[in-house]
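Report on the following structure.
The values are calculated or read from the model by the stated rules, or taken from the named source; none is laboratory data. What you are looking at is a predicted structure, and each value in this text was computed from that prediction instead of being measured. Cβ sites come from the backbone with ideal geometry, for glycine too, and all protein chains shown count toward neighbours. Only protein heavy atoms, including side chains, enter the accessible area calculation; ligands, DNA and RNA are left aside. Shrake-Rupley method; radii C 1.70, N 1.55, O 1.52, S 1.80 Å.
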Amino acid sequence: MAIDKQRIGNSFARHYGQYEDAAVVQRNMADKLAAALAEHAPQRAVQRALEIGIGTGFLTRHLAARFPDAEWWFNDLTPAAFDWIPVGLKQALTLEGDAETLPYPHGLDLLASASALQWFDDLASFFPKAHGVMNAGGVLALASFGDRHFHELAAVANAPLHYPAPAAFTAMAEHAGFRIRHAEDWEETLLFPSARDLLDHLRRTGVNGANTRAISTPAQLRAFEADYRAAHPTADNALPLTYHAVLLIAEA
């Protein structure tokens with residue numbers, strides 16, 4: 001089933017003010033991606049760069065600080081995101097819309113994205129598209145989500161969430177012609193005192209999926225919480241929600 005990109009964009013736009021505080025894992029992913037980029041592609045000169053899905057600028061701030069003189073292209077589904085572009089860049093251009101279908105600028109030395117590619121319907125097609133617009137030696141820097149992402153939620157809602165395994169990311173990149181410089185994945189589990197708190201977190205981070213939108217009455221909420229606690233008991237009776245992060249640095 002195709003992802004409703006318009007709904008995603010509207011959800012992020014409604015919750016931008018809360019995203020900065022709620023998206024603790026996404027912030028950590030951006031921090032780790034920026035550190036990996038500095039470690040595994042430290043000497044790369046960047047004259048033209050694209051960031052896909054800038055959100056509230058977690059990764060953008062790192063990139064702007066490191067490459068302030070580049071010609072920057074910033075993409076997001078909604079123009080509200082562009083308010084988060086840092087000041088002081090030599091050149092900042094915007095590319096509004098669905099990055100899965102939009103054409104990318106050619107001659108890129110860096111293409112980066114954190115917590116955005118999970119919204120693509122056909123992730124495999126992204127890698128050859130990216131490779132085709134990058135200069136030789138250009139760097140692809142990605143952070144997204146793996147196959148154990150939100151596994152507790154998927155099990156309780158009986159609606160599997162389709163995220164690639166970490167090895168699939170490297171395989172897709174290599175098949176498109178990229179050379180892997182670094183790849184890693186990790187899990188971070190957040191704990192919530194109630195189902196309402198867990199669902200509020202999903203809404204504030206813009207990721208409330210189809211498998212929770214059906215919860216609209218107090219009875220449905222109580223049933224969801226009871227099922228969740230029964231399926232995933234914890235010592236302190238909290239509700240766990242696991243993020244499975246995947247990070248990739250590759251060279252064109």
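Given the criteria open to solvent by 30 Å² or more (accessible area, probe 1.4 Å) and either without any contact (Cβ under 8 Å) to a residue 60 or more places away in the chain or not polar (S, T, N, Q) (or both), does Ala116 qualify?
no
Can you find even one residue in the stretch 189-209 that is within 23 Å of Trp119 (Cα to Cα), modelled with pLDDT of 95 or more and under 16 Å from the mean Cα position of the chain (by Cα)?
Scanning the stretch 189-209, I find no residue that is within 23 Å of Trp119 (Cα to Cα), modelled with pLDDT of 95 or more and under 16 Å from the mean Cα position of the chain (by Cα), so the answer is no.
Counting only residues that are of a type in the set (A, V, I, L, M, F, W, C) and without any contact (Cβ under 8 Å) to a residue 12 or more places away in the chain, which one in the stretch 223-252 is surrounded by the fewest Cβ atoms within 10 Å (Cβ to Cβ)?
Here the answer is Ala235.
I need the full set of residues from the stretch 62-81 which are surrounded by fewer than 22 Cβ atoms within 10 Å (Cβ to Cβ), at pLDDT 95 or above and within 22 Å of Trp119 (Cα to Cα), in order please.
Trp73 - this is the single residue of the stretch 62-81 that is surrounded by fewer than 22 Cβ atoms within 10 Å (Cβ to Cβ), at pLDDT 95 or above and within 22 Å of Trp119 (Cα to Cα).
Filter the stretch 150-179 down to residues that are among the aromatic types (Phe, Trp, Tyr) and under 23 Å from Thr205 (Cα atoms) and give me whichever is surrounded by the most Cβ atoms within 10 Å (Cβ to Cβ).
Tyr163
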